[in-house]
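Here the structure is laid out as structure tokens; the discussion comes afterwards.
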Amino acid sequence: MSTKHVYFFGGKTADGDGKMKELLGGKGANLAEMCKIGIPVPPGFTITTEVCAAYYEQGQKIPEAAIPEIDAAIKKVEAAFGGKKFGDPADPLLVSVRSGAALSMPGMMNTILNLGLTDASVEGLATKTGNPRFAYDSYRRLIDMFGSTAMDCEHEDFEHEIHTLKHQKGVKLDTELSADDLKELVKRYKAAYKKHVGDDFPQDPRKQLMLAINAVFNSWNGNKAIQYRRIERITGLKGTAVNVQAMVFGNMGDSSGTGVAFTRDPNTGENVFYGDYLINAQGEDVVAGIRTPEPIARLHEEMPKVYAQLVGIRQSLETHYKEMQDIEFTVQEGTLYMLQTRSGKRTGTAAVRIAVEMAKEGLIDETTAVKRVPPDSLNHLLLPQLDPKAKTTVVAQGIAASPGGATGKVLLSAEAVVEHAKNHPHDPILLVRKETSPEDVAGMHLAKGILTSTGGKASHAAVVARGWGKPCVVGCEAVKIDEAAQTIAIAGHTVKAGEFVTINGTTGDVMIGKVPTVDPTMTGDFATLMSWADKGRKLKIRTNADTPADAAKAREFGAEGIGLCRTEHMFFGDDRIAAVRQMILATDEAGRKAALDKIEPFQKADFVGIFEAMAGLPVTIRLLDPPLHEFLPQKDNVKGTEEVARQIGVTPEKIHERVEELHEMNPMMGFRGCRLPIVFPEIGDMQVRAIIEAAIEVKKKGKSVLPEIMIPLIGTVEELILLKKRAIQIAAECMMKAGVQVEYQIGTMIELPRAALVAGSIAEEAEFFSFGTNDLTQMTFGFSRDDIKGFMPTYLKEKILPIDPFQSLDTKGVGRLIDIAVREGREGRQAKHGQHLKVGICGEHGGDPDSVHFCHKVGMDYVSCSPFRVPIARLAAAQAALGLKAEGNK
């Protein structure tokens, strides 16, 4: 840890600057930077992230060496802010205490405002300002925030007191309470505080400050912060910094206010000033969504001079940072102060538009534009939209906070969403709340969409939803929530929890019931960004597709071939599953061949459609992989067994017998993959024949075709030699019979650790490798992908693993096997044949940006992923080629 623990900022000077985010956190670094470029910022100081790390190393205790620096920094703030004194009962300096990690974590950690107020200084503040209402409003806020964050009081206890008082006084809004009302509220808050803590609210400002600093450091490892970092894959940070800053007040009357704004629209990316403000309020009123604020453009009418200054600062910040900014500001009696700037969270749609338009404006270059967009944010562009042709009845309208359409079962708490998802993981859920808070993040992440009755475009719900690509409508005041009855009322309609509601996050519309959705199309700025990305990309991007429709959609998104066509998925069609089951139930080769003769025309027709859709691009077809028992109804499925027996003309008992014969203790490591055609060659023969005959038919039409036959689950080169020889023989017979030659390749999936370790010899026979990372991860860890839910959450919580290895590739273990296989496979192929071994990946990891970076690093030729992940993989591959991960918004 460095010898300097505290960095001052104020006026036009600062100890730090905007490049010091690792040490000062994003907020502290940007406050220092704003001072240096002449933006009006209240003075303050930043306690470094290194102090946070030391705080935990020393048993959650502030290092002794930091304490004198904190005291000295308070003196510097006093001098810089007109000589006000911290703890002065007559004219007190009050401060805010806020978190600030190197990467933005909006609302996930603690903030305390108005710190330094006491029973004595609140009277001095009232006298000094001539505004007792403001003084007592500030004091009651401090007791609430300090109690809730530093002392673990229940925020709801304070909320109960203010709601009770408003009811007693017959008012609706907090701002309608008088100074005497707020004095009474302070008494009630202090009583609630003492009831919970067992002691009076502290009257020593320095004690308040040190406890508040502790609270911010503690919030780094609070549940909501941990959940957010897990969801956002934020790792490797030392902790949070603490920013202590002189308070300026937006709650001093009608000449004061506070707001949050974005220098461009974070939903659409349009180059307009976007945000919310409230008159006579403090910052948490806007962010928490407790009151529905006004749009920023209206500030021009209420405070024209302030608005003009704010517009100028907007331009200055964007020009300086060359990035869309999220800003917080306070107006104290007509004077504007900036409290924060940071790169703004935005939707994928906005990220693309902003990057492209900034490049066209000359603010950034094309390379920066490509690096600027987080690949996963493209999910926003790929989100389904409500079908414009569908007949809908809009029953209410709120504020469009995050685009896309979402239909889901209404649930009224984040806890209910989490619980419901455990038992019904595929149910679409719509989380409906008055407002969300950071405690709701787990449920928000699981929900398809979010609807709140209060809040604005900068509320917690809006910011988090945009960051995660969740459709969201906020500030829909027509929604009345009754948690006790588990119902919501929307403009006279009652909806019970569990019933469906639909929201349109693009327009703000709310509809009762289900509304169909349609897939998006890619045009304009997206096409421009992708063209820039493709210029420097080294990796080819293929898709995993089993139907012509999937193949066509993937090509629309830029796929350069099919990296995985799973033939078993074709077996489940109603017109062919009976023949497949007949083949499995056959007791001899003749019976199997008779059934396969029925299946072959279907397989061939499927391949013809896919070859034609891909128009000469390579198509990798995996031969039958799963265990045969998966195609039969299980023994306890009486109705299904009887139906299958009727379809294929056997007794249910016959099916039960065959299911028993096929039963395996561990089927994923049993009779599957290449083992099937080794024992039953006629299965592999039929599939190879269907592939080659389909390729011949397409070629006869004058169209290009490039099939790649992939043999799964190879563990020894001898398996591949046997099956390759037979495949070549079948292919030769087909081409001789047709009088047409087609080019094709035979390769294998590397999905067993042994195959990776003997890749050099396997590559002497294989023309290509494709890593099946789902199975390779299972086999390497000894984890069953379907059975990890019992322990994986604990592994992640205890940091045994940084992330679920089925979501993002384990580069240390599984990745090392891949690296060995790529290097030794290419050496083996080159040594024997003088040829380059083509290598790709076809597991779900092919669409994960971090995994794509690894694939680029080890020199793969392509990655393959689901059609809707193709644009994400294209962008991630481009960023990998540029040598950097996305700058992004995390």
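Structure values in brief
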item	result
Region 422-435, residues that are under 22 Å from the mean Cα position of the chain (by Cα) and either of a type in the set (Asp, Glu) or open to solvent by 30 Å² or more (accessible area, probe 1.4 Å) (or both)	LYS422, HIS424, PRO425, HIS426, ASP427, PRO428, ARG433, GLU435
Residue in region 746-776 that is nearest to the chain's Cα centre (by Cα), counting only those that are open to solvent by 10 Å² or more (accessible area, probe 1.4 Å) and without any contact (Cβ under 8 Å) to a residue 60 or more places away in the chain	LEU752
Test: residue in region 570-580 that is touching a Pro at 6+ places or on another chain (Cβ under 9 Å) and either among the small types (Gly, Ala, Ser) or outside any loop (DSSP other than H, G, I, E, B) (or both)	no
Residue count for region 793-819, restricted to those that are assigned to a helix (DSSP H, G or I) and either on the phi > 0 side of the Ramachandran plot or crowded, with 17+ Cβ neighbours inside 10 Å (or both)	4
Test for GLU697: is it in contact with a Lys or Arg (Cβ under 8 Å, 6 or more places away or on another chain), at pLDDT 80 or above and more than 30 Å from LEU776 (Cβ to Cβ)	yes
Answer residue from region 436-448, given it is out of contact with any Leu (no Cβ under 8 Å at 6 or more places or on another chain) and of a type in the set (A, V, I, L, M) and is surrounded by the most Cβ atoms within 10 Å (Cβ to Cβ) among those	VAL441
VAL51 vs. criteria modelled with pLDDT of 95 or more, out of contact with any helix residue (DSSP H, G or I) (no Cβ under 9 Å at 6 or more places or on another chain), surrounded by 22 or more Cβ atoms within 10 Å (Cβ to Cβ) and among the aliphatic types (A, V, I, L, M)	no
Every pair of residues 6+ apart whose Cβ atoms lie under 7 Å, when the first sits in region 371-399 and is under 19 Å from LYS345 (Cβ atoms) while the second is of a type in the set (Ser, Thr, Tyr) and in a loop (DSSP other than H, G, I, E, B)	HIS380/THR347
Odd one out for GLU328, checked against (1) more than 30 Å from SER866 (Cα to Cα); (2) touching a helix residue (DSSP H, G or I) at 6+ places or on another chain (Cβ under 8 Å); (3) open to solvent by 50 Å² or more (accessible area, probe 1.4 Å)	(3)
Scan of region 279-312 for residues that are small (Gly, Ala, Ser) and either outside any helix (DSSP H, G or I) or surrounded by 15 or more Cβ atoms within 10 Å (Cβ to Cβ) (or both), ordered by number	ALA281, GLY283, ALA288, GLY289
Filter result for ALA484 (of a type in the set (A, V, I, L, M) and either open to solvent by less than 70 Å² (accessible area, probe 1.4 Å) or at pLDDT below 90 (or both))	no
Condition check for THR528: in contact with a helix residue (DSSP H, G or I) (Cβ under 6 Å, 6 or more places away or on another chain) and of a type in the set (Val, Ile, Thr)	yes
Sole residue being part of a helix (DSSP H, G or I), of a type in the set (Asp, Glu) and buried (at least 18 other Cβ atoms within 10 Å of the Cβ), chosen from ASP157, ASP180	ASP157
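Residue by residue, here is whether (1) more than 16 Å from VAL41 (Cα to Cα); (2) acidic (Asp, Glu); (3) assigned to a strand (DSSP E or B) holds:
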position	(1), (2), (3)
ARG314	no, no, no
GLU318	yes, yes, no
THR330	no, no, yes
TYR337	no, no, yes
GLN340	no, no, yes
LYS345	yes, no, no
ALA355	yes, no, no
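Matching residues to (1) open to solvent by 30 Å² or more (accessible area, probe 1.4 Å); (2) in a helix (DSSP H, G or I); (3) of a type outside the set (Lys, Arg); (4) more than 23 Å from LEU209 (Cα to Cα):
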| residue | (1), (2), (3), (4) |
| --- | --- |
| MET105 | no, no, yes, no |
| GLY124 | no, yes, yes, no |
| ARG133 | yes, yes, no, yes |
| GLU161 | yes, yes, yes, yes |
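The values are calculated or read from the model by the stated rules, or taken from the named source; none is laboratory data. Just so you know, these numbers come straight off a predicted model, no measurement behind them. Positions of Cβ are generated from backbone atoms using ideal geometry, with glycine treated the same way; all protein chains shown enter the neighbour counts. The area values use the complete protein model at the heavy-atom level, side chains included, leaving out ligands, DNA and RNA. Shrake-Rupley method; radii C 1.70, N 1.55, O 1.52, S 1.80 Å.
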